[in-house]
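Below: the structure, in structure tokens.
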Amino acid sequence: MLSFFGNGSRLCDGITRRDMLRLGTLTVGGLSLPELLRAEQQAGIRKSHKAVIMIYMCGAPGHQDMYDLKPGAPAEIRGEFNPIATSVDGIEICEHMPRLATIMDKCVPLRSVYGSPDGDHDSFICYTGRSKRNQPAGGWPSMGSVTSHLLGPVNQAVPPFVGLSPDAGHPPYGSPGLPGFLGIANSAFRPSGPASADMKLQAITSERLNDRRALLTSVDRLRRDIDASGTLEGMDALSQQAFNILTSSALVEALDLSSEPASVRERYGKGDSNRFGDGAPRNLEHFLMARRLVEAGCRIVTLNFGRWDFHSDNFNGMKNTHLPQFDQGLSALIEDLHQRGMADDVAVIAWGEFGRTPRINPDAGRDHWPQVGGGLLAGGGFRTGQVIGATDRLGAEIAERPVHFSEVLASLYRHLGIDPDATKLNDLTGRPQYLLEKTVPMPELV
């Protein structure tokens with residue numbers, strides 16, 4: 001989409017923030033942009049809205065090394081990590097997540113997640129709750145795209161669905177969630193994604209931006225050029241989105257972390273913005289950016305984090321980099337949402353596509369284990385401070401309360417105000433499709 005990360009106060013397209021603010025005086029239908037926004041507020045647009053932040057943990061972390069430790073199991077099963085007590089009596093998690101342990105009353109560890117059919121590395125099931133097998137015409141849409149389609153934007157200048165998912169060496173690790181049969185108009189807006197170059201308005205100087213007619217002409221030219229190249233339907237909507245973004249500083253400001261107090265930025269930390277292997281960066285600033293995007297009007301924000309596919313050296317990789325940084329970023333986000341009075345409106349889910357083998361392999365790693373995995377829920381007005389599900393003494397099989405990926409997404413849809421049991425969308429053949437395989441939300445969260 002549009003690229004916003006430039007040097008100093010000037011954006012990558014050569015536009016200063018002052019130019020962006022001057023665009024607020026543009027008129028549409030005789031009304032200035034501020035007058036249009038006031039009219040929308042008077043029409044009853046809510047200042048508060050429900051939202052979801054999803055952290056995709058690329059490559060799938062070991063459930064028994066995070067939320068479901070087995071200290072009584074044999075050494076070749078339990079590994080080297082020890083459990084620690086949390087703020088909730090009876091709930092223990094890994095010693096390398098001490099910050100999350102102190103706020104466990106605000107969290108829900110999931111210990112019995114299943115649904116990945118074959119153990120392949122793919123973010124698809126996390127974003128859709130479905131397997132890639134037997135897809136309808138156009139493919140299953142992600143929750144972000146469904147929400148964009150059904151609910152639209154809260155603020156016309158801020159996309160309803162944003163993906164903070166940098167490209168990865170393994171492409172599914174870099175996906176923010178696909179639009180499927182809902183089409184390109186419901187794709188994730190990616191500030192640093194591969195589509196950014198396609199949506200830049202070329203040959204527009206800051207002087208020309210003061211001329212509304214020149215701006216509209218450039219947008220129209222972009223649209224015609226793309227149409228001529230055979231791009232599918234939906235570009236009109238994307239062009240309008242681009243214009244809305246250019247005529248407001250809301251999105252740029254949400255992506256600019258410099259306005260946050262230093263104490264807040266230090267609490268989240270920076271992590272590592274470099275890609276880890278074929279996975280994602282461990283960029284802790286994305287956790288803070290996700291919160292700011294939700295405040296600006298986003299309904300769904302997805303981000304990818306790290307590479308948890310430790311077939312070898314699992315324990316060093318987990319304790320030296322991934323777990324401490326994940327613990328810092330996620331705990332900061334959850335605490336921040338509570339401190340800002342956003343916890344009931346914003347749900348957070350962090351998970352990978354499956355679990356890891358109970359038995360440690362000869363390379364001190366854990367391999368793929370689609371039988372059961374884990375995750376962590378927070379916020380959303382959910383009943384927190386509880387564990388849902390359990391595995392057997394080896395962490396190999398589900399012993400209590402199997403939780404399918406689609407049940408978690410059903411709960412998130414309900415949080416957003418979407419009834420997954422009553423809502424159907426037509427695929428590209430016109431056939432109505434339910435949003436999820438299992439449409440009933442988890443009763444434990446209510």
Consider S87 carefully, then state whether it is over 23 Å from F181 (Cβ atoms), modelled with pLDDT under 95, hydroxyl-bearing (S, T, Y) and outside any strand (DSSP E or B).
no
Which members of the stretch 418-434 meet the condition of being farther than 14 Å from P141 by Cβ and either small (G, A, S) or outside any loop (DSSP other than H, G, I, E, B) (or both)?
A422, G430
Which of the following residues is surrounded by fewer than 24 Cβ atoms within 10 Å (Cβ to Cβ) and more than 14 Å from I55 (Cα to Cα): S116, S131?
S131
Among the residues of the stretch 266-281, the number that are charged (D, E, K, R) and closer than 18 Å to P176 by Cβ is 2
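Only one of A350, A422, A410, A378 is among the hydrophobic types (A, V, I, L, M, F, W, C) and surrounded by fewer than 22 Cβ atoms within 10 Å (Cβ to Cβ); which?
On the way: A350 fails: surrounded by fewer than 22 Cβ atoms within 10 Å (Cβ to Cβ); A410 fails: surrounded by fewer than 22 Cβ atoms within 10 Å (Cβ to Cβ); A378 fails: surrounded by fewer than 22 Cβ atoms within 10 Å (Cβ to Cβ).
It is A422.
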Among (1) in contact with a strand residue (DSSP E or B) (Cβ under 8 Å, 6 or more places away or on another chain); (2) free of Cβ contacts under 8 Å to residues at least 12 places away in the same chain, G341 falls short only on (1)
Any chance the stretch 53-72 includes a residue that's surrounded by fewer than 18 Cβ atoms within 10 Å (Cβ to Cβ) and touching a residue at least 60 places away in the same chain (Cβ under 8 Å)?
yes
Is there a residue in the stretch 330-346 that is touching a Ser or Thr at 6+ places or on another chain (Cβ under 7 Å) and at pLDDT 95 or above?
yes
Of all the residues that make up the stretch 119-128, how many are surrounded by 23 or more Cβ atoms within 10 Å (Cβ to Cβ) and in a loop (DSSP other than H, G, I, E, B)?
1
Exactly one condition in (1) touching a residue at least 60 places away in the same chain (Cβ under 8 Å); (2) out of contact with any Asp or Glu (no Cβ under 6 Å at 6 or more places or on another chain); (3) under 25 Å from P179 (Cα atoms) is false for P441; which is it?
(1)
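Across the stretch 259-312, what is the total count of residues that are assigned to a helix (DSSP H, G or I) and either touching a Pro at 6+ places or on another chain (Cβ under 7 Å) or at pLDDT 95 or above (or both)?
19
The values are calculated or read from the model by the stated rules, or taken from the named source; none is laboratory data. These numbers come from a predicted model, not from an experiment. When we count neighbours, we look across all protein chains shown, and the Cβ atoms used for this are built from the backbone with ideal geometry, even at glycine.
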